[in-house]
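Visitor: Mind looking over this structure? Questions follow.
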Amino acid sequence: MNTLLLGWTESSKLLCLLALYTTVIYIGVGFNAVIVETDTALLVMLLNIVGGFWLKERNAYILAVASIVAFYFFVLPEHNSFEFKDYQHLITFIVMAFNGLAAVRITQSQQAELKKNRRLRGELKNHYSLASVLASKNESLEIAQAAIQHLANHYQIKAQVWLAQPELYCLNYHPEVWLEQYQTEVNNFIAENGLAAKKISDTLELHPLARHTDLLGVLVVESANLDAFNPILSSLISLSLARSEANRALTQAIETNQVEKMRNTLLAAVSHDLKTPLGSIIGSATTLNDPQIQLPDKMRRELLSSIAEEGYNLNRSLTKLLDISRFSIKTLTPKREWVEPEEMIGSALKRIERLLQHHSVELSGDPMLVSMDYSLMEQVVTNLIENAAKYSSKDTAIDVQTSYRNNHFILQVSDRGCGVAQDEKQRIFERFYRSDHHNIKGTGLGLAICKLIISAHSGIIFVTDRQGGGSTFTVEIPCKKYYLKDIYE
């Protein structure tokens with residue numbers, strides 16, 4: 001009923017009910033020959049119930065009393081009089097008066113409960129909305145921003161969020177509240193280590209943001225109606241901030257552990273893969289420099305060649321160590337330009353021609369220009385071909401194929417080597433990982449660098465078994481293509 005009459009004013013409701021009461025009384029008087037007094041009394045009681053639901057409490061009681069008096073004066077057989085000549089009429093009047101006022105009281109209490117339930121449902125909906133928004137945020141700053149915006153939109157509250165650790169600072173604040181306006185009050189609250197809300201004035205309260213007994217920070221609430229703020233809101237904000245701080249601490253611990261693991265692995269790599277060629281270089285150089293040792297020219301050339309070869313390998317290892325230390329998926333941003341894959345592959349082959357003395361490289365693919373970072377992708381090609389040469393037997397061919405499909409540049413490097421074990425096809429792209437199945441020199445960084453560069457291009461790299469033996473490393477990078485058909489025709 002309230003929904004249907006939502007647009008009615010209180011005065012219009014009163015007029016409508018007065019008209020209905022007048023109609024009922026008129027019918028009770030005019031048709032008293034066919035309608036008994038109890039029927040009219042029931043209609044009046046029904047209108048009292050409607051008035052109890054429809055009107056404000058004061059108006060409902062006034063209208064109910066007026067209807068009972070009118071019934072007594074007009075409807076009972078002693079018409080137009082307040083006298084009782086029959087005790088049964090007195091009983092009817094008493095019962096009607098009691099039921100009428102009781103009906104108003106009951107309906108008014110039900111209305112109050114309905115309003116309370118609607119308010120609670122609204123608050124629950126707002127709390128759930130805030131909890132959902134906070135659950136989607138991971139950073140403390142994002143949580144504070146979402147909480148302040150929610151309080152402003154739903155409760156007209158201007159808030160500030162202060163964190164007490166590692167030192168007191170304002171995480172975020174409502175744009176209409178000056179940043180340092182309440183800093184003194186917050187400092188005093190932190191000094192007291194209060195875990196209960198503190199009312200500063202009629203428009204200002206401080207609420208603790210706590211995790212168990214630890215005070216994380218303070219929520220400053222400024223509002224003309226402080227009763228609108230529910231302490232559950234500060235609990236939701238506290239839980240979200242505690243989760244954020246715990247995630248941050250966990251991330252730092254994981255990063256610290258990874259750094260320590262990387263340091264240990266790096267030391268192991270340096271001690272093995274760098275110390276071995278240095279020992280060979282020092283031994284050969286010492287032998288050549290010893291005047292007491294007379295060496296044939298052939299042996300001297302072999303020692304000099306060994307020094308050059310080990311120096312070249314040492315330089316490659318150091319370059320990869322430097323590359324992996326400065327490359328990060330967060331900071332590595334490719335500088336895309338139009339690149340001709342054939343030219344890029346040719347440049348990469350020149351860089352490692354010493355390693356390809358016993359291998360032939362067969363290149364195939366259509367001419368094209370694709371949008372990639374030239375220098376980074378040249379390094380990918382270099383590492384993949386070097387890896388293929390290291391794990392292939394001498395005098396075997398390495399196939400390099402390029403193509404463009406479904407808006408992706410595709411590079412495939414196939415060797416005729418020993419292949420990759422099934423359980424290692426994912427791990428070989430990890431930093432410093434080296435297979436236990438093969439005794440091959442290296443730092444275990446070449447493929448890890450490739451994955452970093454390709455991931456920075458939003459691409460993927462994977463390895464499959466090559467038909468006939470060996471492995472095929474496939475790179476797929478989403479990029480634009482400049483069509484050269486008209487140029488080459």
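Visitor: Tell me, which residue of the stretch 199-213 that is assigned to a strand (DSSP E or B) and more than 23 Å from ALA146 (Cα to Cα) is farthest from the chain's Cα centre (by Cα)?
Guide: Our first condition is that a residue be assigned to a strand (DSSP E or B); within the stretch 199-213, this holds for 199-201, 204-211.
Keeping just the survivors that are more than 23 Å from ALA146 (Cα to Cα) gives 199-201.
Working: LYS199: 34, ILE200: 35, SER201: 37 Å.
Among residues in the stretch 199-213 that are assigned to a strand (DSSP E or B) and more than 23 Å from ALA146 (Cα to Cα), the one farthest from the chain's Cα centre (by Cα) is SER201.
Visitor: Next question, about the same structure. So ILE281 passes all but one of these: (1) modelled with pLDDT under 85; (2) assigned to a loop (DSSP other than H, G, I, E, B). Which condition number does it fail?
Guide: Answer for ILE281: the failing condition is (2).
Visitor: HIS212 is checked against (1) modelled with pLDDT of 85 or more; (2) loosely packed, with under 15 Cβ neighbours inside 10 Å and fails just one. What number does that condition carry?
Guide: All conditions pass for HIS212, except number (1).
Visitor: Output the residues belonging to the stretch 459-474 that are farther than 11 Å from ALA421 by Cα and either aromatic (Phe, Trp, Tyr) or open to solvent by 60 Å² or more (accessible area, probe 1.4 Å) (or both).
Guide: Those that are farther than 11 Å from ALA421 by Cα and either aromatic (Phe, Trp, Tyr) or open to solvent by 60 Å² or more (accessible area, probe 1.4 Å) (or both): ILE460, PHE462, GLN467, GLY468, PHE473.
Visitor: Which residues, taken from the stretch 146-197, are of a type outside the set (Ser, Thr, Tyr), open to solvent by 70 Å² or more (accessible area, probe 1.4 Å) and not in a helix (DSSP H, G or I)?
Guide: GLN156, GLN165, PRO166, GLU167, PRO175, GLU176, TRP178, GLU180, GLN181, ASN193, LEU195, listed by residue number.
Visitor: Out of the residues in the stretch 214-254 meeting the condition of being assigned to a helix (DSSP H, G or I) and acidic (Asp, Glu), tell me which one is farthest from TYR155 (Cα to Cα).
Guide: Across the stretch 214-254, the extreme among qualifying residues is GLU245.
Visitor: Criterion first (open to solvent by 50 Å² or more (accessible area, probe 1.4 Å), among the hydrophobic types (A, V, I, L, M, F, W, C) and either at pLDDT below 80 or more than 30 Å from ALA164 (Cα to Cα) (or both)) does MET262 satisfy it?
Guide: Criteria met by MET262.
Visitor: Here is a list: SER109, SER129. Which entry is closer than 26 Å to ARG243 by Cα, out of contact with any Lys or Arg (no Cβ under 9 Å at 6 or more places or on another chain), among the hydroxyl-bearing types (Ser, Thr, Tyr) and open to solvent by less than 70 Å² (accessible area, probe 1.4 Å)?
Guide: Working: SER109 fails: closer than 26 Å to ARG243 by Cα.
Exactly one of SER109, SER129 is closer than 26 Å to ARG243 by Cα, out of contact with any Lys or Arg (no Cβ under 9 Å at 6 or more places or on another chain), among the hydroxyl-bearing types (Ser, Thr, Tyr) and open to solvent by less than 70 Å² (accessible area, probe 1.4 Å), namely SER129.
The values are calculated or read from the model by the stated rules, or taken from the named source; none is laboratory data. Only a predicted model underlies this, so the values are computations on that prediction, with no experimental measurement involved. Reconstructed Cβ throughout: ideal geometry from the backbone, glycine too, with neighbour counts over all protein chains shown. Ligands, DNA and RNA are stripped out before the accessible areas are found, and what is left, the full protein with its side chains, is counted by its heavy atoms. Shrake-Rupley method; radii C 1.70, N 1.55, O 1.52, S 1.80 Å.
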